[in-house]
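Worksheet: the structure to be examined is printed underneath.
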Number of protein chains: 2
Amino acid sequence: MGVTPQESATRTRIQSMGQAARKAARSMARADTAAKNRALRAIATQLDRQRAEVMAANRRDMEAGREQGLDAALLDRLELNDARIDAMIDGLHQVAELTDPVGEISDLIYRPSGIQVGRMRVPLGVVGIIYESRPNVTVDAASLCLKSGNAAILRGGSEALHSNGAIAACIAAGLQQAGLPETAVQVVDTTDREAVGALISMPECVDVVVPRGGTGLIERVSRDARVPVIKHLHGVCHVYLDDKADPDKAFNIALNAKTHRYGVCNAMETLLVAEGLAEEILPRLAAAYGDSGVELRGCTATRRILPACLPAAESDWREEYLAPILAIRVVADLDAAMEHIARYGSGHTEAIVSEDYSRARRFLAEVDSSSVLVNASTRFADGFEYGLGAEIGISTDKIHARGPVGLEGLTSQKWIVLGDGHIRQ
Amino acid sequence: MGVTPQESATRTRIQSMGQAARKAARSMARADTAAKNRALRAIATQLDRQRAEVMAANRRDMEAGREQGLDAALLDRLELNDARIDAMIDGLHQVAELTDPVGEISDLIYRPSGIQVGRMRVPLGVVGIIYESRPNVTVDAASLCLKSGNAAILRGGSEALHSNGAIAACIAAGLQQAGLPETAVQVVDTTDREAVGALISMPECVDVVVPRGGTGLIERVSRDARVPVIKHLHGVCHVYLDDKADPDKAFNIALNAKTHRYGVCNAMETLLVAEGLAEEILPRLAAAYGDSGVELRGCTATRRILPACLPAAESDWREEYLAPILAIRVVADLDAAMEHIARYGSGHTEAIVSEDYSRARRFLAEVDSSSVLVNASTRFADGFEYGLGAEIGISTDKIHARGPVGLEGLTSQKWIVLGDGHIRQ
């Protein structure tokens, strides 16, 4: 297949951004905590001062979006207002408050040879972030990369082009004021799709890419990337109500995990109920779900207890509804629940509700998901709730970072050795 | 391009091995430390008992290798003898002695919401290892994967087919005796190159691949892999002798780093010497290198001090000689040394020799390599020297694992949450 002149120009442009980022990454790795925090606060100040310019740029994007007939949800995510800009500014100050992970030395021990060996936390280098048309992600992603000593190349959705350009100007000004290279955060200023293709195929310039967005984008990036990918795919989260559960905890957690918010990846999508508890808890839960307008789709045993429940198809067990719909399955016991999770789950987040020590211990050890909870709602699987301060995303991969990824996930550890003239014998 | 019937058959065979491995991985993740150690010791016993069979299989490989005209180095790596089988047996017992990383819970803290959040170390799942015709790697790799609770698919060099088959029988018998699934360690029994292609393109069955071998293999695997890769590319290691170095330490370390062993990835390939020290130390070093038969290739300033030294070409700064050859460059100072390392280094291992506190501190923080040493020989960059017990390889990547990769590098961490009926407000 041929390459068009435009594709070729885009590729050249992204490559030169990559080379600039690689160079900036060396400065960023050396930057001390004070300089990085100064930059974060200066960007916040710039955003506040250039509020009018950022809003004007966003209005251009919104008008173009309406003309293109973007749906209401997309337009909502695209829109900036005073409250959202305030939230971006707050976020920058919060990241400035976080402990700097870079340079932390751990596990420094003496070895029999006499050398001291330990590990030092270091930035990854250049992080590429590919995301949808949510201008606030531009600031969030930039701030986390900056604080963790990385250079970033940000490629937001094409609908947010002007908004991101205005935000990029604030970031560049803030970096400059703090004495850090402006190229430490670069925002891709072309809507050409080839930009993504170029960004994910430059291992010499990009150390990792984080795609954030729809499944199609993430699958495409994973398939075509020539650099490591930190990605979040599906969130088919389960709650298992054991027959040794405290019924009130079971009720509260099953309700909260589904109804606290519907469109989030850590919402429960399938409820597994032990045979011994089903008759007691399901009618009570069904009434509460009914009050919240949640549609129930159950297995045969569920429908015997809840005759009004719709039948669940095989495909329901794999479905990430992100909506007021819940699949319910009655299972024999803990083993059957874990078998169901292993077969249908997405490895994101699963919870057990049980007062039985040994079953809780087994569930924790044996369920292979990025977050495993005992007697707590799946909604806690979140960077802020875990104390990371902020998250660049949630990883459903097993390599490098798993679950909510914060500053630490944007770093690596190198080995350090301290000697006094030691040589190998 | 079409796929031949043989390629298609190989792909089907590897896929069914992958599915079996995925299933075995669940059992291995649950296996307790005692069972895994029992298996390691049972494999050692089997290897000892079936020594005659393993040696006979190896003789078949050696004969075929000689007929094919393999070179002496390859034949040496392929050959098994009593001492090498003893070393494999010792290695199994050593891995049994290592602390089991699986299930370790760290950083368990209370959050303001009342939940306890921590991380639990868990196996990666299925590890694919692709290596050359060294039958001892079959046992090393199997033992590390087994101890870390992973299932393994091992693809050794085609020249070692019979040796690996005989070793695989010992591993299977040992696993069975310990009550673990025989499919926890599978050795690919075809020499078809398509096996590698299949193994690295099954993300649904394989969680990570570790290629060990020549640069060509590793580059091919990195380029084509659809699963994460832990890889070791080049080892262009540097020692920088600062003008504040203790001359004796500088002399000893520069000599040891080059001459202790030549064919290893952590041997020094380029020596950087500060201007202020060059006149004093280079003649003394050149004499010692001369005694060891090391060929020197120097920059202009080096050759002014050592007129007999050959001139270094630009390409010498990027060369991993793995031989008694050393490139030498005189540099102005620490900054020039770090600039050289950033430009020409491979990110493997670099050392500084200096008594200056601030320079040592800067070198440690700013050099972006998997191992950074102060006043110690680069030869210490090794899993055994670092206390890992054994290593599956050395990673020059930044993602997931960096430097020597031991049991911990074959694991990941999931988040765990302990609550008491907690829900999100």
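The values are calculated or read from the model by the stated rules, or taken from the named source; none is laboratory data. Everything numeric here is computed off the predicted structure, so don't read it as measured data. All Cβ positions, glycine included, derive from the backbone under ideal geometry; neighbour counts span all protein chains shown.
A:Thr138 meets the conditions (1) assigned to a helix (DSSP H, G or I); (2) farther than 24 Å from A:Arg13 by Cβ; (3) among the β-branched types (Val, Ile, Thr) in every case but one. The failed one is (2). A:Phe384 meets the conditions (1) over 24 Å from the mean Cα position of the chain (by Cα); (2) modelled with pLDDT under 95; (3) aromatic (Phe, Trp, Tyr) in every case but one. The failed one is (1). Return yes when A:Thr349 is at pLDDT 95 or above, closer than 30 Å to B:Pro123 by Cβ and of a type in the set (S, T, N, Q) and no when it is not. So A:Thr349 fits the description; yes. Of the residues making up region A:45-70, those that are in contact (Cβ under 8 Å) with a residue 40 or more places away in the chain and either assigned to a loop (DSSP other than H, G, I, E, B) or touching a Gly at 6+ places or on another chain (Cβ under 9 Å) (or both) are A:Thr45, A:Gln46, A:Leu47, A:Gln50, A:Ala57, A:Leu70. Applying the condition of being part of a helix (DSSP H, G or I) and buried (at least 18 other Cβ atoms within 10 Å of the Cβ) to region A:27-40 and asking which residue is nearest to the other protein chains (Cβ to nearest Cβ) yields A:Ala29.
Within region B:288-317, residues that are assigned by TED's automatic domain parsing to the domain that holds B:Ser346 and within 14 Å of B:Ala254 (Cβ to Cβ) sit with their Cβ atoms under 7 Å from residues that are surrounded by 15 or more Cβ atoms within 10 Å (Cβ to Cβ) and among the aromatic types (Phe, Trp, Tyr), at 6+ positions apart or across chains, in these pairs: B:Leu296/B:Tyr289.
Of all residues in region A:94-133, those satisfying the criterion of being farther than 23 Å from A:Arg41 by Cβ, outside any strand (DSSP E or B) and more than 14 Å from chain B (Cβ to nearest Cβ) are A:Tyr131, A:Glu132, A:Ser133. Considering region A:380-395, the residues that are surrounded by fewer than 22 Cβ atoms within 10 Å (Cβ to Cβ) and part of a loop (DSSP other than H, G, I, E, B) include one that is farthest from the other protein chains (Cβ to nearest Cβ), namely A:Ala390.
Hey, can you tell me all the residues within region B:280-313 that are surrounded by 15 or more Cβ atoms within 10 Å (Cβ to Cβ) and on the phi > 0 side of the Ramachandran plot? Once the filter is applied, which keeps residues that are surrounded by 15 or more Cβ atoms within 10 Å (Cβ to Cβ) and on the phi > 0 side of the Ramachandran plot, region B:280-313 yields nothing.
Which residues, taken from region B:76-100, are farther than 16 Å from B:Val137 by Cβ, without any contact (Cβ under 8 Å) to a residue 40 or more places away in the chain and aliphatic (A, V, I, L, M)? Residue satisfying the conditions is B:Ala83 alone.
Please work out which residue is nearest to the other protein chains (Cβ to nearest Cβ), limiting yourself to region B:256-277 and to residues that are assigned to a strand (DSSP E or B) and either of a type outside the set (A, V, I, L, M) or surrounded by fewer than 17 Cβ atoms within 10 Å (Cβ to Cβ) (or both). Among them, the one singled out is B:Glu269. Restricting to region A:209-219, count the residues that are within 13 Å of chain B (Cβ to nearest Cβ) and either basic (Lys, Arg) or more than 14 Å from the chain's Cα centre (by Cα) (or both). Residues meeting the conditions: 1.
Residues A:Ser346, A:Ser315: which one is more than 14 Å from chain B (Cβ to nearest Cβ) and either part of a strand (DSSP E or B) or among the polar types (S, T, N, Q) (or both)? Give the steps one after another, and end with the answer.
Numbers: A:Ser346 fails: more than 14 Å from chain B (Cβ to nearest Cβ).
The match here is A:Ser315.
Of the residues that sit in region A:85-102 and are over 19 Å from the mean Cα position of the chain (by Cα) and surrounded by 16 or more Cβ atoms within 10 Å (Cβ to Cβ), which one is farthest from A:Leu146 (Cα to Cα)? Checking each candidate, the answer is A:Ile85. Put simply, of A:Ser371, A:Ser377 the only residue that is closer than 30 Å to A:Val102 by Cα, touching a residue at least 40 places away in the same chain (Cβ under 8 Å), small (Gly, Ala, Ser) and at the interface with chain B (Cβ under 7 Å from one of its Cβ atoms) is A:Ser371. Among the residues of region A:9-22, are any touching a residue at least 60 places away in the same chain (Cβ under 8 Å), touching an Asp or Glu at 6+ places or on another chain (Cβ under 6 Å) and either among the hydroxyl-bearing types (Ser, Thr, Tyr) or closer than 30 Å to A:Lys414 by Cα (or both)? Scanning region A:9-22 turns up at least one residue that is touching a residue at least 60 places away in the same chain (Cβ under 8 Å), touching an Asp or Glu at 6+ places or on another chain (Cβ under 6 Å) and either among the hydroxyl-bearing types (Ser, Thr, Tyr) or closer than 30 Å to A:Lys414 by Cα (or both). The set of residues from region B:396-420 being more than 9 Å from chain A (Cβ to nearest Cβ) and touching a helix residue (DSSP H, G or I) at 6+ places or on another chain (Cβ under 7 Å) comprises B:Gly406, B:Leu407, B:Leu410. What's the number of the condition A:Ile423 fails, among (1) in contact with a helix residue (DSSP H, G or I) (Cβ under 7 Å, 6 or more places away or on another chain); (2) surrounded by fewer than 24 Cβ atoms within 10 Å (Cβ to Cβ); (3) more than 30 Å from B:Ala351 (Cα to Cα); (4) at the interface with chain B (Cβ under 10 Å from one of its Cβ atoms)? Among (1) in contact with a helix residue (DSSP H, G or I) (Cβ under 7 Å, 6 or more places away or on another chain); (2) surrounded by fewer than 24 Cβ atoms within 10 Å (Cβ to Cβ); (3) more than 30 Å from B:Ala351 (Cα to Cα); (4) at the interface with chain B (Cβ under 10 Å from one of its Cβ atoms), the lone unmet condition for A:Ile423 is (3).
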